[in-house]
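**Q** This is the structure I have questions about; it appears just below.
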Amino acid sequence: MSEAPAVDEQCLFCGIVAGKIPSSKVYEDDHVCAILDINPVSEGHTQVLPKYHAETILTLPEEYLAAIGPVLKKIAIATGAKDFNVIQNNGKIAFQHVNHVHFHVVPKPNEQEGLCITDIEKMWPMKKGVEREVLEQVAGKMRGRL
């Protein structure tokens, strides 16, 4: 059952989806629009947007979320890059800068272009040696929320 797309007239990405704001569209279907990022970190850096205004994936209807996965793959192939990142942020402290769900497909053609994490220990602060019992407690809490 298709839900009528929600639109926020003040939203940059809703304006792009509606064609009111110029963009370089790479792909479009009934649920998804993919545009080149205007500040790319590598050639082919693309943003994949649902045609439904939701601030995070928590409020995005399932049919739109399901439609995005295959488009991410199509865009990754279209970039021509063998290596790439797919990035999606939810909330301000998680580095979401536009309050409309979007996924970045960022080609990584070489060490200098694309997503560059220079200090992996600082950027990805792993907690090494977590006991299996602790992991099982966390898994149990998460299963309870499903």
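**Q** Before anything else, pin down the relative contact order of region 17-64: Cα pairs under 8 Å, at least 6 apart, normalised by residue count, whole percent.
**A** RCO, region 17-64: 28 percent.
**Q** Another one. Sort the following peptides by mean Cβ neighbour count (other Cβ atoms within 10 Å, averaged over residues), highest first: 42-54, 121-133, 75-87.
**A** 42-54, 75-87, 121-133
**Q** Just to be sure I understand the model, the point goes 7 Å from the Cα along the line to the Cβ. What's the resulting Ile21 to Glu113 distance in nm?
**A** Here the modelled spin labels are 2.6 nm apart.
**Q** Quick one: check the C-alpha center-to-center distance for region 12-37 versus region 129-146, whole angstrom.
**A** Centre-to-centre (Cα) distance: 39 Å.
**Q** Amide H neighbours of Asn85 under 5 Å, at least 5 residues apart or on other chains, H built in the peptide plane: list them.
**A** Residues meeting the criterion, in which the H sits 1.01 Å from N, are Val106, Lys108.
**Q** Around Val26, which amide H atoms from residues at least 5 apart in sequence, or from another chain, sit under 5 Å from its own amide H, with H modelled in the peptide plane?
**A** Ala34, Ile35, Leu36
**Q** For helix 132-145, what angle does its Cα long axis make with the longest principal axis of the chain, in degrees from 0 to 90 and rounded to 10?
**A** 40
**Q** Let me ask something else about it. Which value in Å is the Kirkwood Rh of the chain over different Cα pairs?
**A** 17.1
**Q** Name the residue from Ile117, His104, Ile57 whose Cα lies farthest towards the positive end of the charge dipole of the chain, charges +1 on Cβ of Lys and Arg and -1 on Cβ of Asp and Glu.
**A** After comparing all options, I get Ile117.
**Q** Can you flag which of Lys25/Lys92; Lys25/Lys73; Lys74/Lys108; Lys51/Lys74; Lys25/Lys51; Lys51/Lys108 are past 19 Å Cα-Cα?
**A** Listed pairs above 19 Å: Lys25/Lys92; Lys51/Lys108.
**Q** Using only Cα atoms, tell me the angle between helix 62-79 and the longest principal axis of the chain; keep it within 0 to 90° and round to the nearest 10.
**A** That helix lies at roughly 80 degrees to the long axis.
**Q** In deg cm²/dmol, rounded to 500, what helix-only [θ] at 222 nm does the chain give when every DSSP H run of at least 4 residues adds -39500 (n - 2.57) and the total is split over its residues?
**A** That calculation yields -8500 deg cm²/dmol at 222 nm.
**Q** Give the long-range amide H neighbours of Ala6: residues separated by 5 or more places, or on another chain, with amide H under 5 Å away, using H modelled in the peptide plane at 1.01 Å from N.
**A** Amide H to amide H, under 5 Å and 5 or more residues apart or across chains, Ala6 pairs with His53.
**Q** Among 88-98, 28-38, what's the highest-first ranking by average C-beta atoms within 10 angstrom per residue?
**A** 28-38, 88-98
Computed from the coordinates by the stated procedures, all read-outs in this text should not be read as laboratory data. As the structure is a computational prediction, the values presented were derived from the model and not from experiment. Here the Cβ is made from the backbone with ideal geometry for all residues, glycine too, and neighbour counts use every protein chain on show.
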